[in-house]
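What follows is one structure encoded as structure tokens, with my remarks underneath.
The numbers here are math on the coordinates, done by the rules we state, and not lab data. The shown structure was predicted, so the numbers you read here are calculated from the model rather than taken from an experiment. Here the Cβ positions follow ideal geometry from the backbone for every residue, glycine too, while neighbour counts run over all protein chains shown.
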Amino acid sequence: MIEIQSLTFRYEGADRDALRDVTLTVPDGAFLGIIGPAGAGKTTLAHAIGGIIPHAVRGDFYGAVRVNGSDTAETRLTDLSRMVGTVFQDVESQIISSVVEDELLYGLENFGVPRDEIEERLTFALEQVGIAPLRHRTVSSLSGGQRQKVAIASLVALRPGILVLDEPTGELDPFSSRQVFSLLRTLNREYGMTIVAVEQKIMLLCEFADRLAVLSEGRIAREGTVRQVLCDIRALEEIGVNCPRAALFSSLLAEKTGAEVPVCVNAEEAVEAARRVLG
Amino acid sequence: MTDLFQYVPGNSPLHRMNPVTKIVLTVSVCAAAFLTDNLLVLLFLLVFDFMIGITAGAARKAFSVFRGLFRVSVFLFILQTLFVRRGNRLFWIVTDEGLLTAAAVVLRLLVVCLPLTLVLTVTRVSDIAGALVQVLRVPYPYAFTLTTAIRFIPQFMEEMSGIMEAQTARGVEFDTRNPIKKLGMLLPLCAPLLISSVRRTGATATAAEVRGFYLRTWESGCRKYGFGPVDLAAALICAALIAGAVLIP
């Protein structure tokens, strides 16, 4: 479980807080999507959960972040990383090895995964992320999207209890983006992994995440289930979050007809709502 | 140029050789080059380098290193020829000893540079680190620093060419033939490159730490780096090279 209590963080030398009085609880086995406009504090929040803030980033840190009961400020980053895996936004700096296989092996070897288990985990991660044919390729020969998949696979192989991903589909095409989110859902549902995904593609979050947290100017503006968050379209638009068209449609339908229309998160639901209301 | 330090997968005897043996072989070739002044021995070492390149299936890369060093070699040759005044004067201020010294310096440069590139062509950087830690018991942070520095070279070169392309697109004439003018344009780029390099190094260190960097010991690696017949053959070659360089006058 992730518990964030009144977290305020200001980067060294910055003139404003990146996060302001953020309080959030992510229960075990949840799939939380974090959205918000640029500069809202999404990456800072992801780094705070992973312990990178305050361990590797300097700044003023107030409040507390607890992961499975351990205070991230008092626990070593190495110990935290046994519980939380973090996929960085800047994939280039995350990749340590020059060959794909070595990149996946790095964490497995360090964390002392038994040798007879390593091959199974490695194959699983490569296949699930869809990069099995790239296993022996050099990282330099891969495209940006392929490198992003390698970074994700290297964390998936470690099977941490909590996986934090900062814009994991930033360099991926629509098909690969869905593939990555399908994998995250599999890890979440079948392996009970808690997923926290910072993402700009709200459609993906609406489809795959259970809960959404909307950040605005360093604060949690809204938090709840996907439908709870999407029920106030106007507030989200004011924050600067692009809402899914289906949700916009259901909102407009309710406004124009005066009928009670549930929040729609995909085209099928929108069609069904239109049929029901318009006849 | 950016692929100069890139590993090329293969199954040649050099690929199969223990990374420590490859390092010893490289050091031996370099040591032999510095121990001798005999031009024939240096020529032999150069041919030996190319043979290693051919055996490793990296002949093209060996030639590209040679091509890359051509201008530096010519510059060094001219410089040495003009500055060494010992020996008999052949023409103008050029002496026979000056020519021989210049040839030795250039050959030595080529002999030393080639194996350093080739060893990175036939060895994964992670294997170099793994073998250093496992076989030589080098503390992992030192091995990591070394291998990360090697891995960053092509990345920084890529970044530099990216900055240059961006500047060219905005009208900076990097394609000028005047080397002094080009140097003048390159110098201001060093600061942004240095800043981005330091930032990237910090981010990579964090990435390593969150994947158990501090937990790694010499037993952590799942690959074992044993020694075989090919390593024995390489050891004998190393001994022969050093002995040849010392004994042949």
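Starting from the stretch B:172-208, pick out the trypsin sites (Lys or Arg not before Pro) whose DSSP state is loop and whose Cβ has at most 13 other Cβ atoms within 10 Å.
Values: sites: B:Arg177, B:Lys181, B:Lys182, B:Arg199, B:Arg200; in loops: B:Arg177.
Answer by residue number: B:Arg177.
At a Förster radius of 35 Å, what calculated FRET efficiency corresponds to the Cβ-Cβ distance of A:Arg135 and B:Ala169, to the nearest 0.05? Present the calculation step by step, with values, prior to reporting the outcome.
On the way: r = 37 Å, r/R0 = 1.04.
In this case the efficiency is close to 0.45.
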Notebook entry, point to check: Nearest 10 degrees, 0 to 90: what angle lies between the long axis of helix A:144-156 and the longest principal axis of chain A (Cα atoms)?
Noted result: 70 degrees
Item checked: Max mean-square fluctuation residue, GNM over chain A, Cα-Cα springs under 10 Å, options A:Ala125, A:Ala56, A:Ala151 -> A:Ala56
Margin query: Just to confirm a number: summing +1 for Lys and Arg and -1 for Asp and Glu over residues other than B:Met17 whose beta-carbon lies under 15 angstrom from that of B:Met17, what do you get?
Written below: +3
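Using the 10 angstrom Cβ neighbour count as an exposure proxy, how do B:Ile54, A:Ile34, A:Ile233 rank, fewest first? Write out the running numbers ahead of the final one.
Details: B:Ile54 13, A:Ile34 29, A:Ile233 20.
Placing the least packed residue first, the sequence is B:Ile54, A:Ile233, A:Ile34.
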Note to self: Which one, A:Leu205, A:Leu230, A:Leu142, has the greatest fluctuation when you compute a Gaussian network model over chain A with C-alpha springs under 10 angstrom?
What the structure shows: A:Leu142
Check: How far, in degrees from 0 to 90, does helix A:174-190 lean away from the longest principal axis of the Cα atoms of chain A, to the nearest 10?
Finding: 80 degrees
Margin query: Can you classify the protein assembly as shown as rounded, prolate or oblate using the Cα gyration tensor, where a ≥ b ≥ c are the square roots of its eigenvalues, rounded means a/c under 1.5, and otherwise it's prolate if a/b beats b/c and oblate if not?
Written below: prolate
Margin query: Could you check the spin-label model distance between A:Glu127 and A:Ala259? Points 7 Å from the Cα along Cα→Cβ, value in nm.
Written below: 4.7 nm
Notebook entry, point to check: So which lysines pass the test for A:Lys201, namely a Cα distance under 20 Å, with those fewer than 8 places away in the same chain ruled out?
Noted result: A:Lys42, A:Lys149
